[in-house]
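The values are calculated or read from the model by the stated rules, or taken from the named source; none is laboratory data. Everything quoted here is computed from the prediction, not taken from an experiment. Every residue, glycine as well, gets a Cβ built from its backbone with ideal geometry; the counts of neighbours run over all protein chains shown.
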């Protein structure tokens with residue numbers, strides 16, 4: 001990759017430090033909850049009815065998470081609507 005790869009990495013880190021969008025914050029919340037429950041990606045994937053690779057793509061942000069999967073993940077991780085609302089509210093508040 002060379003210098004171009006380093007520049008891209010720096011730009012990505014800079015963007016992340018300035019503010020993270022709502023989708024990224026939701027993915028982070030999902031990962032934090034899964035880890036807090038000490039569940040593997042494979043276990044959560046099975047609860048949702050998807051493959052582990054597909055799940056890790058959703059959680060990692062390399063695959064877009066649609067509403068159906070999002071709600072299935074919330075259910076599998078015993079997350080309630082108020083937790084999700086808090087994440088979205090804080091993003092909106094940070095945006096001004």
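Restricting attention to the range 77-96, the residues that are modelled with pLDDT of 85 or more and closer than 15 Å to residue 28 by Cα total 2. How many of the residues making up the range 38-56 are surrounded by 14 or more Cβ atoms within 10 Å (Cβ to Cβ) and closer than 12 Å to residue 76 by Cβ? Summing the residues that are surrounded by 14 or more Cβ atoms within 10 Å (Cβ to Cβ) and closer than 12 Å to residue 76 by Cβ in the range 38-56 gives 10.
If only residues of the range 57-68 that are crowded, with 16+ Cβ neighbours inside 10 Å and modelled with pLDDT of 90 or more are counted, the one that is nearest to residue 28 (Cα to Cα) is 59.
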